[in-house]
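The next block holds one structure in the form of structure tokens; read it before the comments.
Read-outs: derived from the displayed coordinates by stated rules, not from any lab. Since the model is a prediction, treat every value here as computed from it, not as a measurement. Please note: Cβ atoms are built from the backbone with ideal geometry, for glycine as well, and neighbour counts cover all protein chains shown.
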Amino acid sequence: MTWARLTRSPVVWALGDQVLVSASNFVLTLVVARHVSLSAFSAYGLAITLVWFVSAMHRAYLTQPMAIAAVGEAPAELGERLKAVLLLQVLGWPLVIGLFALVAWRYLPSQGVALAAAVFTAAFLLQETMRRVLFVQGRMQRVSALDALAYGGQLVAILAVGMAAGGEAPLEAVLLVGALPFAASAAWAYAGLPAEARAVPWPAPAALQRAAASHWAESRWVCFSQVFMFGSFMLVPFQIAEWGKPLWVAQYNAAASILNGLNVIRQALGNHLPIEAARRFKAGGMPAMQRYLAQSASLIMLLAAAIVAVLVGLGPELVGWLFGARFAEAAAVLPHAAVGPLVGMLSLVSQAGGLVIRQTEQIFWSYVAGTVVSFALAPWLIPAFGLLGAVWVSNIGVLVPTLWHLLAFHRQVGAMRQEQHA
């Protein structure tokens, strides 16, 4: 492959963009850890976990169905679909604020932190919606520019607040200034849409209701799955706060941030795989999609194994150098923390295929199984084994649904191929 073709490859740009996003998030974690108190960093970890939950629901219900359905659409059709998604998103903001306020009652230091986190979430999701539209259009260079503004701007703004505060920045200020670059990035992306897309009128209530029903019909199993996915392994910081010591949340987040290199693969392919699998399925049917997913699975495991080997080998030194001596517990559990994310990468492949063939209920049941196991083990493993027990609650919560869905997807594909040959 020539350099010119390489630089035009959507996969290369998607991977490069995720390197940018993951590197920015990693550095941001370091900045926040060094410019707030340890207790505030624990609260930051809980707030960001909730941000990721809302983001996952937003992606499942709104942007992922939009991205799959919008492949090949004309600008006017895409604009109509996008405006319905944006309006549904705005109508959901009161629910987001209520969720953060409810969680703050037990786990966050104040309602001010909850409100600031909700504002950040709203700006973050607007930018996420716009970047997903650009993914559909194949405008990956523009995606990278938008993410440079959003994530780079967030990093600069929070660093400035931390330095001005002299090492004890208020968490509310950190979250609020971090929201501004995402709002600016979303506005820039919208302004750069084709004129035909921007000229489409905003949907009337009846059209909006139809769009909401259509999205729900496509995504309900995925939405349910996201709830139980977080119950399976993403709510571990809250389980630590409930069953262990709140300051362990900071140690857990430090270890997770070292393994953030896996998100370079996970998020890039999570954006790209469903769209490309849909293209292969439309072009060549089930065999073409299966070949593509098999190739993707091999590449995922090779890249993930290489990244984990590097990060685990350098992990203890990195923790000490990047986070300092007060995060020594994170270094001790780092090799264990790598197990779940590595194996869990395979779920990206089967879930992408399940989305394309509209067989998403097994994603739901796989995470139900993981949630049951996780919630059963957390009250025992965390008090008995401390931070290491929490890491293995997360690992088991990843392994159970991954194996479940791989087996279920294999059975579903086999059944569909038998029906086609009958």
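Just check the stretch 29-119 against the gyration tensor rule for me: Cα atoms, a ≥ b ≥ c as the square roots of the eigenvalues, rounded for a/c under 1.5, and otherwise prolate or oblate depending on whether a/b exceeds b/c.
prolate
Count the net charge of all other residues whose Cβ sits under 12 Å from the Cβ of residue 150, scoring Lys and Arg as +1 and Asp and Glu as -1.
Around residue 150, the surrounding residues sum to -2.
Got a sec to turn the phi values of the stretch 382-390 into Karplus ³J(HN,Hα) couplings, 6.51 cos²θ - 1.76 cosθ + 1.60 with θ = phi - 60°, whole Hz, x for Gly and Pro?
Result, rounded to whole Hz: 5, x, 7, 10, x, 4, 5, x, 5.
Find the centroid of the Cα atoms in the stretch 76-93 and in the stretch 210-253, then give the distance between the two in whole Å.
Centre-to-centre distance over Cα atoms comes out at 24 Å.
Out of 114, 348, 254, whose Cα points farthest toward the positive end of the dipole of the chain (charges: +1 Lys, Arg; -1 Asp, Glu; placed on Cβ)?
Of 114, 348, 254, it is 348.
Once you charge only the Cβ atoms, +1 for Lys and Arg and -1 for Asp and Glu, what is the size of the charge dipole of the chain about its Cα centre, to the nearest 20 debye? Don't skip to the end; give the middle numbers.
Values: 24 positive and 16 negative charges, 155 e Å.
Once rounded to the nearest 20, the dipole reads 740 debye.
Among rounded, prolate and oblate, which fits the stretch 1-203 when a ≥ b ≥ c are the square roots of the eigenvalues of its C-alpha gyration tensor, a/c under 1.5 means rounded, and a/b larger than b/c means prolate?
Oblate, since a/c reaches 1.5 and b/c is not below a/b.
For the stretch 304-396, rounded, prolate or oblate, judged on the Cα gyration tensor with a ≥ b ≥ c (square roots of eigenvalues), a/c < 1.5 rounded, else prolate if a/b > b/c?
Since a/c reaches 1.5 but b/c is at least a/b, the shape of the stretch 304-396 is classed as oblate.
Compute the signed sum of charges (Lys and Arg +1, Asp and Glu -1) over the other residues within less than 13 Å, Cβ to Cβ, of residue 129.
It works out to a net charge of +4.
Which whole-number percent is the relative contact order of the stretch 22-154 (Cα, under 8 Å, 6+ apart)? All intermediate terms of the calculation are to be shown ahead of the outcome.
Values: 71 pairs, mean separation 39.5, N = 133.
In percent, rounded to a whole number, it is 30.
Take the alpha carbon atoms of the stretch 168-185, find their center, do the same for the stretch 267-323, and report the distance between the two centers in whole angstrom.
31
For residue 203, what is the net charge nearby, where nearby means another residue's Cβ is under 15 Å from its Cβ and Lys, Arg count +1, Asp, Glu -1?
The answer is +2.
Could you derive backbone 3J(HN,Hα) for the stretch 61-71 from the dihedral phi with the Karplus parameters 6.51, -1.76 and 1.60 (θ = phi - 60°), listing whole Hz in sequence and x where the residue is Gly or Pro?
Rounded to whole hertz, the list is 7, 10, 7, 5, x, 4, 5, 5, 6, 7, 4.
How high is the relative contact order of the stretch 220-422? Use alpha-carbon pairs under 8 Å, at least six apart in sequence, and give a whole percent. Please report the intermediate quantities before stating the final value.
Working: 256 pairs, mean separation 71.5, N = 203.
With pairs under 8 Å counted, the relative contact order is 35 percent.
From the phi of every residue in the stretch 100-107, what ³J(HN,Hα) in whole Hz does the Karplus formula 6.51 cos²θ - 1.76 cosθ + 1.60 yield, where θ is phi - 60° and glycine or proline is x?
So the J values, rounded to whole Hz, are 5, 5, 5, 5, 4, 4, 10, 10.
Which value in deg cm²/dmol, rounded to the nearest 500, describes the helix-derived mean residue ellipticity at 222 nm for the chain, given -39,500 (n - 2.57) per DSSP H run of n ≥ 4 and division by the residue count? Display every interim value, and only then the final one.
Details: 19 runs with 356 residues, N = 422.
Value at 222 nm, helices only: -29000 deg cm²/dmol.
Hey, what did the chain get for relative contact order, percent, Cα under 8 Å, at least 6 apart?
21
As I understand it, the dipole of the chain uses +1 on the Cβ of Lys and Arg and -1 on the Cβ of Asp and Glu, about the Cα centre. Which of 136, 190, 176 lies farthest toward its positive end?
After comparing all options, I get 136.
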